[in-house]
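> I'd like to ask some things about the structure below.
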Amino acid sequence: MIKKILIANRGEIAVRIVRACAEMGIRSVAVYAEADRHALHVKKADEAYSLGPDTVAGYLNAHRLVNLAVATGCDALHPGYGFLSENPELAEICARRGIIFIGPDADVIRRMGDKTAAREAMIAAGVPVTPGSDGNVESLEHAVEVAKGLGYPVMLKATSGGGGRGIRRCENEEELRRNFSRVVSEATKAFGSAEVFLEKCIVDPRHIEVQILADAHGNVIHLNERDCSIQRRHQKLIEIAPSPQLNQEQRDYIGGLAVKAAAAVGYRNAGTVEFLLDKDGTVYFMEMNTRLQVEHCVTEEITGVDIVQEQIRIAAGLPLRHANTNLRPRGYAMEFRINAEDPKNGFLPSFGKVTRYFAPGGPGVRTDGALYTGYEIPPYYDSMCVKLIVWGPDWETLLNRAQRALRDIAVYGVKTTIPYYQEILKNEEFRSGRFDTSFVDTHPELVEYSIKRPQREIAAAIAASIVASMGL
């Protein structure tokens, strides 16, 4: 069994992995840039080592991270999500240095990270894909020619893209011509590759993804689906498991497609297969994420499976603990990505010192985060600062419990998206469980409602002013 793990990440996911290690009797090693010296993952891990003053470069230096794993006596490395988690080079360096990489093999990461190669693999496996270009488009004129055959609107995507970056919707040829160089430039800067491809745009789809686990003993299972349709600019905001929009027949079908996709590429470890569902319920493969997802928590809540611990067990060569179990969902779970952003100002980042933080509690409420009172949220990283996860035995209970939990949680000193989520939960369309990826764009009024400052925030500001004036 693995005895010591270097966590090549930061923030809440690093804290999540530290906790999994502690429950398994495994020592954890944290790494940090100087901007993260006082971060919670540094405080929680058994050991912590500086990566130097650069805010990002250390987290992206695969050789240095693996060297540190070797030097500190680690036998495994967990990449978390983001940074190098889907970089095949990190997995290859780990293999050369005798460090277990807690994730899939490098060749699978490379193959699934190339969106056109992934499409080809799915077509060969009989998994339905969105109509699109036959491989990458070679030039702007080639893209225009392909788009005419597909019909507008089309999606122009970076072949190596992910996380909602390197993607543009084009309503007509003029927009395609205008966006082509932008996507190529963004793809080159963000992913080191200028390759792009085209897909037919599925208008206002539902975004459904399936969590899979696969071990080295030939076992591949799915842990049901998550509905990620509530998103802004291709960035997920709220995730729900299972989807309130699928029946059991649909759930079994899409889960079976995910298992088929994973088996077809020889996948091992935890991964996610993402699909789009059009208005007629037709399913299209979109992409495969070869890592742990931000939203894995909601799947854990409805199945009782600790996905991070399963990742570690699989990497150690152990078989799945649930290979022969029919894991039907138990109740519903919902995750809110609490971002340090100001809805009043176009969701601009709102970094700074957290003057007070109150975590919610009670039945069915969980928080995964890296916040504490006095923590200075650095401006160099993603704006997500805590994840609020709520479980309920049925949809109505979940909604009511989520409203209560969002009233309970409080973050002062920075602006957050909490008020915005409170407004979403009041919306009848959302509460009905019938929504798609157009929800945020078609409900701009929810941003306006959320701008009004809660009474307790005003009271807190008044109290702080009184205390300051008294010199206390």
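Read-outs: derived from the displayed coordinates by stated rules, not from any lab. Keep in mind that what you see is a predicted model, and the values were worked out from it rather than measured. Backbone-built Cβ (ideal geometry, glycine too); neighbour counts: all protein chains shown.
> So what are the ³J(HN,Hα) numbers for segment 173-190, from phi and the Karplus equation (6.51, -1.76, 1.60; θ = phi - 60°), rounded to whole Hz, Gly and Pro as x?
Using θ = phi - 60°, the values come out as 5, 4, 5, 4, 5, 6, 8, 4, 5, 5, 5, 4, 5, 5, 5, 5, 5, 7 Hz.
> Which cross-chain or sequence-distant (5 or more) residues have an amide H under 5 Å from the amide H of GLU287, H modelled 1.01 Å from N in plane?
Close amide H contacts, sequence-distant or interchain: GLU274.
> If I model a spin label at HIS63 and ARG169 as a point 7 Å from the Cα along the Cα→Cβ vector, what separation in nanometres do I get?
4.4 nm
> Of all the C-alpha pairs in segment 44-92, what % are more than 18 Å from each other?
Of the Cα pairs, 28 percent sit more than 18 Å apart.
> With +1 assigned to the C-beta of every Lys and Arg and -1 to the C-beta of every Asp and Glu, and no other charges, what is the dipole magnitude of the chain about the Cα centre in debye, to the nearest 20?
Result for the chain is approximately 1280 debye, rounded to the nearest 20.
> Hey, another quick one. Note down the relative contact order for the chain as a percent, whole number, built from C-alpha pairs under 8 angstrom at least six residues apart.
13 percent
> Related question: Over 22 Å between Cα atoms: which of LYS344/LYS426; LYS43/LYS189; LYS148/LYS189; LYS3/LYS387 fall into that group?
Check vs 22 Å cut-off fails for LYS43/LYS189; LYS148/LYS189; LYS3/LYS387.
> Counting helices only, and only those DSSP H runs with n ≥ 4, report the 222 nm mean residue ellipticity of the chain as the sum of -39,500 (n - 2.57) divided by its residues, in deg cm²/dmol to the nearest 500.
Values: 17 runs with 175 residues, N = 472.
My calculation for the chain gives -11000 deg cm²/dmol from helical runs alone.
> On to the next question. Per-residue HN-Hα couplings for segment 191-196, Karplus 6.51 cos²θ - 1.76 cosθ + 1.60 at θ = phi - 60°, whole Hz, x for Gly and Pro?
10, x, 9, 8, 6, 9
> If the viscosity is 1.567 mPa s and the temperature 4 °C, what Stokes-Einstein diffusion coefficient in µm²/s follows for the chain when Rh is the Kirkwood radius over Cα pairs?
The estimated diffusion coefficient comes to 56 µm²/s.
> I need the phi-derived Karplus couplings for segment 312-319: 6.51 cos²θ - 1.76 cosθ + 1.60, θ = phi - 60°, integer Hz, Gly and Pro marked x.
5, 4, 4, 4, 7, x, 7, x
> Considering all alpha-carbon pairs of segment 206-456, what whole percent are spaced by more than 27 angstrom?
Details: 11796 of 31375 pairs.
Counting pairs separated by more than 27 Å, the tail of P(r) holds 38 percent.
> Using Cα-only point scatterers and the Debye equation, what is log10 of I(q)/I(0) for segment 181-247 at each q in 0.13, 0.23, 0.25 Å⁻¹, rounded to two decimals?
-0.63, -0.98, -1.01
> For segment 4-102, I need the span (max minus min coordinate) of the C-alpha atoms along each principal axis, in Å, sorted largest to smallest.
32, 32, 23
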